[in-house]
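Enquirer: Let me give you the structure first, and then I'll get to my questions.
The values are calculated or read from the model by the stated rules, or taken from the named source; none is laboratory data. Just so it is clear, the model here is predicted, and its values are computed rather than measured. Here the Cβ positions follow ideal geometry from the backbone for every residue, glycine too, while neighbour counts run over all protein chains shown. Heads up: the accessible areas ignore ligands, DNA and RNA and are worked out on the full protein's heavy atoms, side chains in. Shrake-Rupley method; radii C 1.70, N 1.55, O 1.52, S 1.80 Å.
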Amino acid sequence: MMRDQEDIENEGVGVMVMEDGKDLERNISSESGFREPLLKSKSRVNNTSQIAIIGANVCPIESLDYDIVENDLFKQDWRSRKKVQIYQYIFLKWTLVLLIGLSTGLVGFFLNIAVENIAGFKLLLASDLMLEDKYFRAFATFAGCNLGLATCAAILCAFIAPAAAGSGIPEVKAYLNGVDAHSILAPSTLFVKIIGSVLGVSAGFVVGKEGPMVHTGACIANLLGQGGSRKYHLTWKWLRYFKNDRDRRDLITCGAAAGVAAAFRAPVGGVLFALEEVASWWRSALLWRTFFTTAIVAMVLRSCIQFCRSGNCGLFGQGGLIMFDVNSGSPNYNTVDVLAVLTIGVLGGLLGSLYNYLVDKVLRTYSIINERGPAFKVMLVMTISILTSFCSYGLPWFASCTPCPVGLEEKCPTVGRSGNYKNFQCPAGHYNDLASLFMNTNDDAIRNLFRAENSSEFHLSTLFVFFAGVYCLGVITYGIAIPSGLFIPVILAGASYGRLVGSVLGSVSNLNNGLFALLGAASFLGGTMRMTVSLCVILLELTNNLLMLPLVMLVLLVSKTVADSFNKGVYDQIVKMKGLPYLEAHAEPYMRQLAAGDVCSGPLVTFSGVEKVGNIVHALKFTRHNGFPVVDLPPFSDAPEFCGLVLRSHLVVLLKGKTFTKLSVLSGANILKRFHAFDFAKPGSGKGLKFEDLSFSPEEMEMYVDLHPITNTSPYTVVETMSLAKAAILFRELGLRHLCVVPKTTKRNPIVGILTRHDFMPEHIKGLYPHLVHHK
């Protein structure tokens, strides 16, 4: 797949078009007035992929402009801003953050209420039929409801918004790293993410709504931070300040943190999750805003819980908004307990790395199926739904019935949709412990595993079967065309083997089984996701037990250390598998063996400060570059001089204005009068101005236009001899889209090339220098 200096601007352009465009570019270079490429090696072309998997769909990708374009129009606008406008911008940004918190909190509450009521009604229906000994009808009802809900979710994802499939965390992580793709945060994606999450989780899949909530929060933030919409006539003057990727990045970071806070009722954990996992750039001002956002979410959820306690939320009851109370006094632990915790940590690391490996293989297999069309996506979802229903309903039949414990405060067997003691097929006074886990919502199953009142509530065989079932179902479910999160399957599996270890130790340990379940969940989370601080705080906020802090920290550190010996975290693996060009925080060791000039790809197309319209039109038509160097030539300078960088989107706006001159003269003053900086602002998710919308007469093609007013005169530049490792770190830390490479000596052409994120990708470097040793 051919790639030039930068990624595709037009989302619908195919690979063959790019290749044809490149061939045409080579053919017309002499006819249209293009200057010859300035690179020493004209054949050094970047062949890294221009497409990636977004959700369950293959889309073209492009980079984001996080750098400030300091051209004459920007400077004029900045000098003209009054103090009241600056205060207005600050006030509006805090207002948007407030709205993100409110909206995400309300959406999170709606998600929980909908799941609890739909899944609760389904489970009640099946339970009532089983009490009447209508077992086959109960299974048909249970499986039919699951299949219907799953099919609806799959149809939404496959036909309306394929980008909504999966958890969305890898896509949000890539976006905040500087990678954009079609519909990644679109309103249609938001709608399908919310409705699809309700339907998917209610359908009994071993998935969670916590991952999709992060994507949902990011979509809400993107929608609010669009800076208005010309399509819907929402272009108020005070909204235009946010028509840039820099401000949207901050708002989307707040939205991702709000999503975690809404999913787990963990406001501090949400801030730390955004800092540790999804954000690539961070600063103190952003910390304040994310903390404010998650605090608003916490307040909204608390108000909603108070409202539901009056019984106005149907089957919502005590479930839904996750809070697993495992307070059981001060945990006193001995040497055996510490050894057991270390064992759980090692086990979590081993099982977590295996889980990541299997998820990666399954995702690659599913991508082949999903590429065949929406119908195959729906069929795959239906197949997994039927398999899940068979496991959830069939496996409890192999479990033995257990007599109800004496002296319980709650009813045994359980009457209703949730509870610890499911009757299933057992006689009166007995319960099926495996059905108490499988025939419950995922939240209630976790709540049952974390309970410490009855240490012998679950048999060892039950815990093992449930762990094996959830582990396998979690692996094969993630990747189908529904919104699905990994947190809940991982917590379920981890809590199962944690409680299993606690049951084996029995009276030897001072810790109860509920605490061992918590430690097991922490170890598996650490082994799969490789987060430490944020997971630790989320778990402590989730369980309302600060006394477990030392043991949770220990088990997370051990599991992460063990798992890192085998592979990367699950989200890092998915980002790579999807083909998203993610820039790591550190440079690879082999980069120190290369200089910045060694990987510049070409051919390089440059413009003069005052350029012929025909040359610009041909460059925009036959190349896919998004940045063009501007070089001043005599008589505008004594010698060729690098003036700066001009963006494709700015050239399109300038050409549409047709501020042309018949002679090659400076006309910047007229352009500054004609245009405003906001005319060149980036459009939202709606359709912006495209080159294909422009038309020119033969006379206009022979005229000239002054590029100086829209040229970024202070782009970041590096000398060609700088090590590639330093250039990579600089590129990522500054959030750049283009990094100009200049020659070391003054007697050469003023610009050597342009580095983009694709030039730092291992695939490109390996293609140029296959002899380099690539360390793990």
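Enquirer: So, restricting to helices (runs of 4 or more DSSP H) that lie completely within segment 229-346, which ones have at least 2 residues that are of a type in the set (Ser, Thr, Tyr) and at pLDDT below 95?
Expert: Passing ranges, in order: 284-308.
Enquirer: Hey, among the residues in segment 460-485 that are of a type in the set (S, T, N, Q) and under 17 Å from Ser202 (Cα atoms), which one's modelled with the highest pLDDT?
Expert: Filtering first and then ranking leaves Thr477.
Enquirer: For Leu350, work out the one condition from (1) at pLDDT below 85; (2) open to solvent by 60 Å² or more (accessible area, probe 1.4 Å); (3) in contact with a Gly (Cβ under 9 Å, 6 or more places away or on another chain) it doesn't fulfil.
Expert: Of the numbered conditions (1) at pLDDT below 85; (2) open to solvent by 60 Å² or more (accessible area, probe 1.4 Å); (3) in contact with a Gly (Cβ under 9 Å, 6 or more places away or on another chain), the odd one out for Leu350 is (1).
Enquirer: So if I check each of Ile184, Ile155, Ile194, Ile220, which one is of a type outside the set (Gly, Ala, Ser), in contact (Cβ under 8 Å) with a residue 24 or more places away in the chain and not in a helix (DSSP H, G or I)?
Expert: Going through Ile184, Ile155, Ile194, Ile220 in turn, just one is of a type outside the set (Gly, Ala, Ser), in contact (Cβ under 8 Å) with a residue 24 or more places away in the chain and not in a helix (DSSP H, G or I): Ile184.
Enquirer: Testing Thr711 on (1) without any contact (Cβ under 8 Å) to a residue 60 or more places away in the chain; (2) within 25 Å of Phe242 (Cα to Cα), one condition comes back false. Which one is that?
Expert: Exception for Thr711: condition (1).
Enquirer: Considering each residue of segment 69-89, count those that are closer than 27 Å to Tyr716 by Cα and open to solvent by less than 80 Å² (accessible area, probe 1.4 Å), and give that number.
Expert: Summing the residues that are closer than 27 Å to Tyr716 by Cα and open to solvent by less than 80 Å² (accessible area, probe 1.4 Å) in segment 69-89 gives 13.
Enquirer: Quick check: anything in segment 604-619 modelled with pLDDT of 90 or more and acidic (Asp, Glu)?
Expert: Yes, the conditions are met somewhere in segment 604-619.
Enquirer: Looking at segment 657-680, I want the residues that are under 14 Å from Phe74 (Cα atoms) and have a partner that is in a loop (DSSP other than H, G, I, E, B) and modelled with pLDDT under 85 with Cβ atoms under 9 Å, at least 6 apart or on another chain. Which pairs are those?
Expert: Phe678/Lys243
Enquirer: Do any residues in segment 67-89 that are closer than 16 Å to His708 by Cβ have Cβ atoms under 7 Å from those of residues that are in a loop (DSSP other than H, G, I, E, B) and of a type in the set (Ser, Thr, Tyr), where the two are at least six apart or on different chains, and which pairs are they?
Expert: As it stands, the answer is Glu70/Thr713; Glu70/Ser714; Asn71/Thr711; Asn71/Thr713, since those pairs meet every condition given.
Enquirer: Would you be able to say whether some residue in segment 718-734 is under 28 Å from Gly668 (Cβ atoms) and surrounded by fewer than 16 Cβ atoms within 10 Å (Cβ to Cβ)?
Expert: There is at least one residue in segment 718-734 that is under 28 Å from Gly668 (Cβ atoms) and surrounded by fewer than 16 Cβ atoms within 10 Å (Cβ to Cβ).
Enquirer: Can you tell me how many residues in segment 112-136 are open to solvent by 40 Å² or more (accessible area, probe 1.4 Å) and within 25 Å of Leu380 (Cα to Cα)?
Expert: Selection size over segment 112-136: 2.
Enquirer: Does Leu694 satisfy the criteria of being touching a residue at least 24 places away in the same chain (Cβ under 8 Å) and crowded, with 18+ Cβ neighbours inside 10 Å?
Expert: It is false that Leu694 is touching a residue at least 24 places away in the same chain (Cβ under 8 Å) and crowded, with 18+ Cβ neighbours inside 10 Å.
Enquirer: Okay, moving on. Limited to segment 64-85, what total is found for residues that are more than 22 Å from Leu672 (Cβ to Cβ) and of a type in the set (A, V, I, L, M)?
Expert: Adding up the residues that qualify gives 2.
Enquirer: Still on this structure, I have one more. Please verify whether segment 46-62 includes one or more residues that are at pLDDT 85 or above, in contact with a strand residue (DSSP E or B) (Cβ under 8 Å, 6 or more places away or on another chain) and not in a loop (DSSP other than H, G, I, E, B).
Expert: Within segment 46-62, one or more residues are at pLDDT 85 or above, in contact with a strand residue (DSSP E or B) (Cβ under 8 Å, 6 or more places away or on another chain) and not in a loop (DSSP other than H, G, I, E, B).
Enquirer: Then there's this: Which residue, of Leu73, Leu98, Leu92, is in contact with a Pro (Cβ under 7 Å, 6 or more places away or on another chain) and either part of a helix (DSSP H, G or I) or farther than 28 Å from Val179 by Cβ (or both)?
Expert: Going through Leu73, Leu98, Leu92 in turn, just one is in contact with a Pro (Cβ under 7 Å, 6 or more places away or on another chain) and either part of a helix (DSSP H, G or I) or farther than 28 Å from Val179 by Cβ (or both): Leu73.
Enquirer: If Ala428 satisfies every condition in (1) surrounded by fewer than 17 Cβ atoms within 10 Å (Cβ to Cβ); (2) touching a helix residue (DSSP H, G or I) at 6+ places or on another chain (Cβ under 8 Å) but one, which is the exception?
Expert: Ala428 satisfies every listed condition except (2).
Enquirer: Out of everything in segment 744-771 that is surrounded by 13 or more Cβ atoms within 10 Å (Cβ to Cβ), over 34 Å from the mean Cα position of the chain (by Cα) and not polar (S, T, N, Q), what residue ends up being modelled with the lowest pLDDT?
Expert: Arg748
Enquirer: Name the one entry in Ala481, Ala517 that is among the aliphatic types (A, V, I, L, M), in contact with a Lys or Arg (Cβ under 6 Å, 6 or more places away or on another chain) and farther than 30 Å from Leu149 by Cα.
Expert: Matching residue, one of Ala481, Ala517: Ala517.
Enquirer: Could you check, for segment 621-635, whether at least one of its residues is over 30 Å from Asp72 (Cβ atoms), part of a loop (DSSP other than H, G, I, E, B) and out of contact with any Ser or Thr (no Cβ under 8 Å at 6 or more places or on another chain)?
Expert: Within segment 621-635, none of the residues are over 30 Å from Asp72 (Cβ atoms), part of a loop (DSSP other than H, G, I, E, B) and out of contact with any Ser or Thr (no Cβ under 8 Å at 6 or more places or on another chain).
Enquirer: Right, another one. Can we say Val537 is touching a residue at least 12 places away in the same chain (Cβ under 8 Å) and over 22 Å from Ile574 (Cβ atoms)?
Expert: Judged against the criteria, Val537 is a match.
Enquirer: Taking the conditions exactly as written (farther than 23 Å from Ala262 by Cα, over 20 Å from the mean Cα position of the chain (by Cα) and assigned to a helix (DSSP H, G or I)), does Leu129 satisfy them or not?
Expert: So Leu129 fits the description; yes.
Enquirer: Has segment 372-387 got any residue that is among the aromatic types (Phe, Trp, Tyr), closer than 16 Å to Ala138 by Cα and either in contact (Cβ under 8 Å) with a residue 40 or more places away in the chain or open to solvent by 20 Å² or more (accessible area, probe 1.4 Å) (or both)?
Expert: No, segment 372-387 contains no residue that is among the aromatic types (Phe, Trp, Tyr), closer than 16 Å to Ala138 by Cα and either in contact (Cβ under 8 Å) with a residue 40 or more places away in the chain or open to solvent by 20 Å² or more (accessible area, probe 1.4 Å) (or both).
Enquirer: Could you list, in sequence order, all residues of segment 520-536 that are farther than 19 Å from Ala340 by Cα and either open to solvent by 10 Å² or more (accessible area, probe 1.4 Å) or part of a helix (DSSP H, G or I) (or both)?
Expert: Correct list: Thr528, Met529, Arg530, Thr532, Val533, Ser534, Leu535.
Enquirer: Which residues, counting only those in segment 537-550, are open to solvent by 10 Å² or more (accessible area, probe 1.4 Å) and assigned to a helix (DSSP H, G or I)?
Expert: Val537, Leu540, Glu541, Leu546, Leu547, Leu549, Pro550
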